[in-house]
Amino acid sequence: MDLDFPHGKKLRLVVGDITKIRVDAIVNAANSGLHGGGGVDGAIHRAGGPTLMRELDVIRAAQGGCPTGSAVVTTAGALPAKFVFHAVGPIYRDGSHGEPDELASCYRTCLELAEQHGVRIISFPAISTGVYGYPVEEAAGIALDTVAKHLENPASGVHEVLLVLFDQGSYEVHSKMAARRP
C-alpha cells in the first residue's frame with residue numbers, strides 16, 4: 001500500500017525482509033545497551049556483519065548506550081544502505097507510562113537523523129511491536145502519524161519512507177490504520 005504526499009513524497013507499507021531492501025538508511029529496533037539482540041536487531045546485525053557492532057562498541061564507550069526514544073547512527077556494513085539508525089523503542093507496560101511519546105520520539109529522531117545525513121529513502125520496522133510488546137494497532141497509528149507529519153513538511157529532504165512489516169498480519173493492521181487517515 002502506498003500513501004502519496006505533496007511534492008512527490010511517499011509512504012509505502014510492504015511485507016518483507018528489511019535487510020534486503022535497498023534504501024539510504026535502515027532503522028534498527030535496538031536495545032538501550034546497543035548490544036544486539038533477536039528479532040529485527042539480530043537480523044540486521046547478521047546481515048550487516050561485524051562492522052555494526054564495532055561501531056556500536058565505540059558509541060557505547062563514548063556514551064554508554066542509547067536512551068529510549070532516541071537513536072544512534074552507524075554505517076551499514078554489508079547491508080544495501082549507507083546508514084543504520086539504531087532506535088530504542090519503549091517496552092510496553094500499559095500505555096500510561098510515556099510509551100506513546102517515546103515511540104513517536106523514535107520515529108521523529110530517525111527522521112531528523114535522515115535529514116542530517118541527506119537520506120532520501122528510509123526503511124523502518126514496526127518498532128517495539130515484537131518482544132517489547134507494543135500493541136500493533138496502537139504502534140501503527142503512532143508510526144503512521146509521525147511519518148506523515150514529517151512527509152507533509154515541504155522542507156523535508158526525505159522523499160520515501162518504507163514501513164517494512166515482518167508478516168501479513170502486521171501489514172493488514174498497518175493498512176487498516178493507514179486507510180483511516182484523513
*Meets criteria (of a type outside the set (D, E), surrounded by 17 or more Cβ atoms within 10 Å (Cβ to Cβ) and over 11 Å from A30 (Cβ atoms)) for P90*: yes
*Can you tell which of V136, V164 is among the aliphatic types (A, V, I, L, M), touching a strand residue (DSSP E or B) at 6+ places or on another chain (Cβ under 7 Å) and surrounded by 14 or more Cβ atoms within 10 Å (Cβ to Cβ)?*
V164
*In the range 102-134, what count of residues is obtained for those that are of a type in the set (D, E) and either under 20 Å from H174 (Cβ atoms) or not in a helix (DSSP H, G or I) (or both)?*
1
*Output the qualifying pairs, or none if there are none: Cβ atoms under 7 angstrom, residues six or more apart or on different chains, first residue in the range 140-153 and without any contact (Cβ under 8 Å) to a residue 60 or more places away in the chain, second residue in a helix (DSSP H, G or I) and crowded, with 22+ Cβ neighbours inside 10 Å.*
A140/H174; I142/L103; A143/Y107; T146/Y107; H150/L111
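Within the range 137-180, restricting attention to residues that are outside any helix (DSSP H, G or I) and acidic (D, E), which residue is modelled with the highest pLDDT? Give the steps one after another, and end with the answer.
First, pick out the residues of the range 137-180 that are outside any helix (DSSP H, G or I): 153-167, 180.
Filter once more, so that each one left must be acidic (D, E): 160, 167.
Details: E160: 98, D167: 94.
It comes out as E160.
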*Which condition number does A61 fail, the rest of (1) modelled with pLDDT of 95 or more; (2) in a loop (DSSP other than H, G, I, E, B); (3) farther than 14 Å from A30 by Cα being met?*
(2)
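Kindly indicate which of T51, T75, T19 is touching a residue at least 24 places away in the same chain (Cβ under 8 Å) and within 13 Å of the chain's Cα centre (by Cα). Steps first, answer last, please.
Numbers: T51 fails: within 13 Å of the chain's Cα centre (by Cα); T75 fails: within 13 Å of the chain's Cα centre (by Cα).
It is T19.
Suppose the filter is free of Cβ contacts under 8 Å to residues at least 12 places away in the same chain, in contact with a strand residue (DSSP E or B) (Cβ under 7 Å, 6 or more places away or on another chain), under 18 Å from H150 (Cβ atoms) and of a type outside the set (K, R); does D2 pass it?
Answer is yes for this residue.
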*asked:* Every residue in the range 1-40 that is surrounded by 21 or more Cβ atoms within 10 Å (Cβ to Cβ), at pLDDT 95 or above and outside any strand (DSSP E or B), please.
replied: I18, T19, V23, L34
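The values are calculated or read from the model by the stated rules, or taken from the named source; none is laboratory data. If you're wondering where the values come from, they're calculated on a predicted model, not measured in any experiment. Using ideal geometry, Cβ is built from the backbone for each residue, glycine included, and neighbour counts are taken over all protein chains shown.
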